[in-house]
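Q: Take a look at this one; I'll ask things after.
The values are calculated or read from the model by the stated rules, or taken from the named source; none is laboratory data. A quick note: this is a predicted structure, and the numbers were derived from the prediction, not measured. We place every Cβ from the backbone using ideal geometry, glycine too, and count neighbours over all the protein chains shown. These accessible areas exclude ligands, DNA and RNA; they are computed on the full protein's heavy atoms, side chains included. Shrake-Rupley method; radii C 1.70, N 1.55, O 1.52, S 1.80 Å.
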Amino acid sequence: MSALAGLRVLDLSRLLPGGFCSLLLADFGADVIKVEDLGMGDYVRADPPAFHALNRGKRAVRIDLKHPSGRDAFVRMAGDADVVLESFRPGVMDRLGVGYERLRADNPRLVYCAITGYGQDSPYAQRAGHDMNYLALTGLLGLTGDPDGAPIQAAGQIADLGGGALMAAFGILAALRERDASGEGQFVDIAMKDGALSWLAMDAARVLAGAAAPGRGETPLAGGLICYRPYRCADGWVTLGALEPKFWRAWCDGIGRADLAERQFEPVGSDVHREVEAAFMERTRADWQAFNDEHDCCVEPVLALDEALERAGDMVVESGSERLLGTPVRLSRTPADPRRAAGPPRGADTDAVLTEAGLTAGEIRELREAGAIA
């Protein structure tokens, strides 16, 4: 039996944060139903590989929530749902007549999760934003890069995924766990900006304790240490993660420079730093991999994405006719099943889901004729 079997999730979100959150739930057996409008639906459908990556194992319905009959049909669907997930700006669902208070009136056990940029009560609540905006406002973007260079954008969407999707999945599961005891659901408010800020827990703690705020590239784990940086080598780049003294000493001994063992925390830009740079240029990426195999000092190559996927092992799975990334969370008894069907066509399960909600064939036909569903 899957870990989340029997859990029904109505997912009204679009794009990455909500889609990735409900993907995790679906991979562990939740019945995730994408609720899309009668237009193009989830914008990520315009990119089929990305759509399938985020929506495997889900079902799909098309409902016009602006149509009174469509709204009423959705309320009936939510009557026996466990979770509603949405990513609209605060107030949109209330104006449509399907906000948390309306839905919980019929289903007090409902866990309702809203992923927004800035939260429900923030002064920025109604501002538009994307991943980079949230990272800029948390200080994370400003800390990333070289001291004299421009801020560097990460290839992964830290705020969308780490601040939004993962926080939402945790919040939903925490609320469901509490519901086991109380019998009542609750509202889960996820602000991607706040979630991203939490990723700076250690650096923020130092500043809140009175330390000076670090500049770009000065934090210990983002460029401030010569023992924990990327280095150019003879044919590309490698990473040195020799944070603990034993790893740094192993690297120094391995290159025949035991004299550097006590110089681990020399500043970036120092003579020792330049010597380390020169040492890395003497070998290729493959040489450094072999070096690490021998000396165990946290040296690994910087790979291109295609190289990384070639080495990904069971993290690449067959899902229907698609090759996709698998699920990184591994449970011993009730593992995820990322090999479920690829993302559903628009509205593929509308009739089935509405029937499960108690609507008759005649009622469904009337909804379709009225333009409330498709």
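Q: What is the Rg over Rh value, at two decimals, for segment 249-374, using alpha-carbon atoms and the Kirkwood definition of Rh?
A: Rounded to two decimals, Rg over Rh is 1.35.
Q: Please report how far the C-alpha centroid of segment 7-24 lies from that of segment 72-147, rounded to the nearest whole angstrom.
A: Cα centres, segment 7-24 to segment 72-147: 12 Å.
Q: Using just the helices of the chain, give the 222 nm mean residue ellipticity in deg cm²/dmol: DSSP H runs with n ≥ 4 each add -39,500 (n - 2.57), and the total is spread over all residues, rounded to 500.
A: The helix contribution divided over the chain gives -10500 deg cm²/dmol.
Q: Let me ask something additional. Can you give the extra length, in nm with one decimal, that the chain gains between ALA201 and ASP106 once fully stretched, where that is 0.36 nm per residue apart less the Cα-Cα distance?
A: Gain on extension, ALA201 to ASP106, equals 30.3 nm.
Q: Order the following by accessible area, largest value first: VAL302, VAL316, VAL353. Probe radius 1.4 Å; ligands, DNA and RNA are ignored.
A: VAL302, VAL316, VAL353
Q: Then there is this: Could you calculate the FRET efficiency of GLU184 with ALA286 from 1/(1 + (r/R0)^6), where r is the beta carbon distance between them and R0 is 51 Å, rounded to 0.05?
A: E between GLU184 and ALA286, to the nearest 0.05, is 0.30.
Q: Same structure again: Ignoring any ligand, DNA or RNA, what whole percent of the accessible area of the chain comes from carbon and sulfur when the probe is 1.4 angstrom?
A: Carbon and sulfur: 54 percent of the exposed surface of the chain.
Q: Using a 1.4 Å probe, what is the accessible area per residue for the chain, in Å²?
A: On a per-residue basis, the chain sits at 50 Å².
Q: I'd like the antiparallel share, as a percent to the nearest 5, of DSSP beta bridges with both residues in the chain.
A: 40
Q: Could you sort PHE187, PHE291 by accessible area so the largest value comes first, with the probe set to 1.4 Å?
A: Highest to lowest solvent-accessible surface, that is PHE187, PHE291.
Q: Considering only protein heavy atoms, what is the solvent-accessible area of THR360 at a probe of 1.4 Å, reported in Å² to the nearest 10?
A: In the full protein context, THR360 sits at about 70 Å².
Q: Something else now. Between LEU260, LEU305, LEU173, which gets the highest mean-square fluctuation from a Gaussian network model of the chain, Cα cutoff 10 Å?
A: Of LEU260, LEU305, LEU173, the most mobile in the Gaussian network model is LEU305.
Q: Within 10 Å of each candidate Cβ there may be at most 14 other Cβ atoms; applying that plus a DSSP loop requirement, which GluC sites (Glu not before Pro) in segment 245-330 survive?
A: When the GluC sites (Glu not before Pro) of segment 245-330 are filtered for loop state and at most 14 Cβ neighbours within 10 Å, GLU282 remain.
Q: If you add up the charges near GLY215, with Lys and Arg at +1 and Asp and Glu at -1, over every other residue whose beta carbon is less than 15 angstrom from its beta carbon, what do you get?
A: So the environment of GLY215 carries a net charge of -2.
Q: Now, a different point. Compute the convex hull volume of the Cα atoms of segment 65-204, divide it by the residue count, and report the result per residue in Å³ as a whole number.
A: Convex hull volume per residue, Cα atoms: 124 Å³.
Q: Further question: Could you work out Rg/(2.2 N^0.38 Å) for the chain, with Rg from alpha carbons only?
A: Taking N as the residue count of the chain, the ratio is 1.19.
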